[in-house]
Every structure is written in C-alpha cells, then in structure tokens.
Amino acid sequence: MKALDDLLAQTEFTDEEVARILRIRTPEEADLLQRRAYDLTTREMGPNVYLRGLIEISNVCTANCRYCGIRKANHNVERYTLPRETILECARLALENGYGSIAIQAGERRDPKWVTFIGELLRDIHEMSCTEALPQGLGITLSLGEQSLEVYEYWAEASGNPDGLRYLLRIESSNPELFHRLHCTPGKHEKVLEHRYEALVNLRKAGYQVGTGVMIGLPGQTIEDLVQDIRTFEKVGADMIGMGPYLTSLGADMVSLGQMPHDDLLQLSLNMIAATRLVLRNVNIAAATALETLEPRGRIMGILHGCNVVMPNITPQMTRASYQLYDNKAGTEVGAESNILVENDIVRIAHRTLGLNRLGSSLRWVERTGRPAN
Ligand code: 5AD
C-alpha cells in the first residue's frame, strides 16, 4: 500500500484514494492530512481568509426538508422577515467593518412579492455600498434556494456587481436515494435532486460564482457517498463549497435517526474538508457554523484543514434564536464588530490574514472566466 505521505502529494486521486483519506482516524495520519491540506490552501489561495457577513433575513420557508429546524411543518418557530431598513443597516455595518462581502440567507420562497423584495434590496445594497474602499460595492452571496433562471437573472442584474456575485445551493447529498429520504414528507415529494442540478446550471448561466455542498455524517450516509459528493462538486463545476456536519434538530423530523458520535463526526468533517481541498484545489471553501456548533474551535480547525472563507453571523440579535436550522447553533450571541475581533483572533491562531475590504472571489471562477482576482 502506498504511503499516505506520497498519496497526499498527488494532484489526482482515485475513488479508493479519496475514501482512504476520508477514513483517516489515527492522530499521526490526521495531523499529516491537516498539514498537507493547509499547505495546499495557502499555496493555491494565498494567506487570506475572506469574510462573508451572514444576514439571515427570514425564516419563513415553504419547504419541508426533514433535517431542518425551520421546515414549514415546524410550528414551534416564531416566523420573521427582517424589514428592508434593518437588512440595509446590517449591510452597512458589514461594509464599515471591512467585510467586503455579505451573504443573504433565508428560507425558500418563490412568490412574486418575495422575488421583488430581494431584487429591490439588492439594488439598495449596491447603491449604498459603492464606496472608496469598495468601488464595485459589497460582494453578495445569495442563499435563497431553488428559483427559476429568470429569477436568478433578475437578482444578478439587480445586484449590480457581476464580479462579486455568488449563490450557495447545497445539493445536501449526491446519493439520490439519500437525498430522497431527506426531502420526502409522507405523501409529498417536494424536492428532486435533478432540480437541484438544473438550478446549479441555471446559476452558472446567470453569471454567478456557484457554490454547493453537502451535510456530513447524515444518517445512512456512507464514505462512498461522500467520495461521490466530491466528484459531483467537480462535475457541476462548483466555484465554492460550503459543507458542515449534520446535527440533529428538535424542530426537524429526524431526531429518532440520531447523530454520529462527536469525535467521529468532527474527524469525518475535517477529513471531508481536507479531501475536497486536495481534489478541487482552487475553490473557495467556507468553514460552516455547524462545525463551530459541533466543536468550540471548529472554525479554526476548518481553516487549518483547507477552508479560506468564514461567514460570521451579523444578523440582529433579536431574531437569531429563531433561525435554528439545528440545535444549539453557535455564534448566536456575538455582534458584527466583535465578530471581526473574533475572526482576527481565529486567523492569527491559524497563521493567516483577514482579507479585509476584498471581494475574495473563488480562484476557480477567476480561472474559468478570465476575470481579475479581487
Ligand atoms: N444540520 C446541519 N446542517 C443543516 N442545514 C440544515 N439543517 C441542518 C442540520 N440539521 C444546512 C443545509 C442547508 C444549509 C442552509 O443549512 O445543508 O443547505
């Protein structure tokens, strides 16, 4: 058998080799993997860790994803939608603190009122944020679920900053059977994996930097599934990856299926981040809040294993408790200014720098479009 050292230096990997990486358990091998993934990250992506100030603008949702705490059928959540002014205030705070980019996330809605609300909001954010520090305005990542090509195009146009335009749409799992189990509610199959893929194609057509990802450690998920997830990231041409451990949520519909034991789930999540970095090389990879929820030093560990993006929560305190996708969600108590200090600490510990006032686009996207790095 090939020594792990040699294997990790490869630029291409067979499925079995990726699986071997994902199965790493001993401290010696884990340490080697961490160092290799970290070195590759700084070599390919530079020393910067980029910020995306996350604003959870609404928890109103029309979907019933079984893992999710804000699924429509959970009647124990108080539903909210932040007013336009409040969102603009958050965006302004992000801008003033040097975030460079924000991420706008909400439950999934497709009604015309919502589509227009988002379009107008994007126009306002752009207008407000074109400043000396950021002549093109804030970078925007949207995370608003499956929409039509027309809606994606409308939002892209409204955002006014084609070089800082991104969309996150996780596939959750590339195993169609597992995807189906996660999204079927009795008598009604709302989500189809094929539609997710179509949406990803449409996002590219509409000019977005396209992000996708999966949950790690899902009940019934195998190592082979995760290997295929990474292959799928490549196939759909992902520029960015966001993934994190699956955590149970009392408001969801999967509590009885349990959760992987903490240490196993943590190692698997870090292995998955590192493996994704080794295979995809120059994509942006975000350290998920779920990783921080699983483990207090989760974000640092994520950065040490290949992440180069963090998404500090800058949603106003009042509504944070209502955006619980899973239980005990981390970072519900820190504000935008102190977040910067926290992030500064994190990158210092990880021997990195914060990409302040930078859009921090995916270099994979730079490569495929010929646009300048920003
Ligand atoms: N555990 C971990 N991640 C979750 N998400 C939703 N519910 C959970 C959960 N219980 C993730 C999904 C979704 C993203 C917004 O949050 O992957 O795409």
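Rule-based calculations on the coordinates, nothing more; no lab input. Quick caveat, the model's predicted, so the values are computed rather than measured. All Cβ positions, even for glycine, are placed from backbone atoms using ideal geometry, and neighbour counts span all protein chains on display.
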Next on the checklist: If I model a spin label at residue 131 and residue 281 as a point 7 Å from the Cα along the Cα→Cβ vector, what separation in nanometres do I get?
Outcome noted: 3.7
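Near residue 122, within a Cβ-to-Cβ distance under 12 Å, what is the net charge of the other residues, with Lys and Arg +1 and Asp and Glu -1? All intermediate terms of the calculation are to be shown ahead of the outcome.
Numbers: positive: 84, 123; negative: 120, 124, 127, 157.
Taking every Cβ under 12 Å from that of residue 122, the sum is -2.
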Checklist outcome for this item: Here the net charge surrounding residue 100, from other residues whose Cβ is less than 11 Å away from its Cβ (Lys, Arg +1; Asp, Glu -1), is +2
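Would you please classify the overall shape of the range 265-315 from the alpha carbon gyration tensor, given that a ≥ b ≥ c denote the square roots of the eigenvalues, rounded means a/c under 1.5, and beyond that prolate means a/b larger than b/c while oblate covers the rest?
Working: a/c = 2.47, a/b = 1.30, b/c = 1.90.
Cα axes put the range 265-315 in the oblate bin.
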Item to check | Sorted by Cβ density within 10 Å, fewest first, the residues 305, 126, 183, 262 | outcome: 262, 126, 183, 305
Checklist outcome for this item: What helix-only [θ] at 222 nm does the chain give? Using -39500 (n - 2.57) per DSSP H run of at least 4, over all residues, to the nearest 500, the answer is -13500 deg cm²/dmol
Checklist entry - Of 240, 318, 254, which has the largest mean-square fluctuation in a 10 Å C-alpha GNM of the chain? => result 318
Checklist outcome for this item: When 362, 256, 174 are ranked with the fewest other C-beta atoms within 10 Å first, the list becomes 256, 174, 362
Item to check | Alpha carbon convex hull of the range 98-207, projected area averaged over orientations, nm² | outcome: 7.6
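Count the net charge of all other residues whose Cβ sits under 10 Å from the Cβ of residue 322, scoring Lys and Arg as +1 and Asp and Glu as -1. Don't skip to the answer; put the middle values down first.
Working: positive: 79, 320; negative: 56, 78.
Combined, the nearby Lys, Arg, Asp and Glu give 0.
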Checklist entry - Stretch residue 373-residue 28 to full length: gain in nm at 0.36 nm per residue minus the Cα-Cα span? => result 120.6 nm
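Taking the Cα centre as origin and putting +1 on Lys and Arg beta-carbons and -1 on Asp and Glu beta-carbons, what dipole magnitude results for the range 8-99, to the nearest 20 debye?
Working: 13 positive and 14 negative charges, 94 e Å.
Its charge dipole is roughly 460 debye.
Taking the Cβ of each residue in 21, 340 as the centre, tally the other Cβ atoms inside 10 Å and list the residues starting with the fewest.
With the fewest neighbours first, 21, 340 line up as 340, 21.
Scan the chain and hand back the longest stretch that contains none of the GluC sites (Glu not before Pro) lying in DSSP loops with at most 11 other Cβ atoms within 10 Å.
Numbers: sites that count: 12, 78, 132, 333.
It works out to 133-332.
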Checklist outcome for this item: Among 293, 236, 257, the residue whose Cα sits farthest towards the positive end of the charge dipole of the chain (+1 at Cβ of Lys and Arg, -1 at Cβ of Asp and Glu, taken about the Cα centre) is 236
Checklist outcome for this item: Any DSSP H helix in the chain with Cα axial reach of 24 Å or more and mean Kyte-Doolittle score of at least 0.0? Listed by number, the hits are 262-280
Checklist entry - By a straight-distance test (C-alpha under 27 Å), which lysines pair with residue 113 as possible cross-link partners, with residues fewer than eight away in the same chain excluded? => result 72, 188, 191, 205
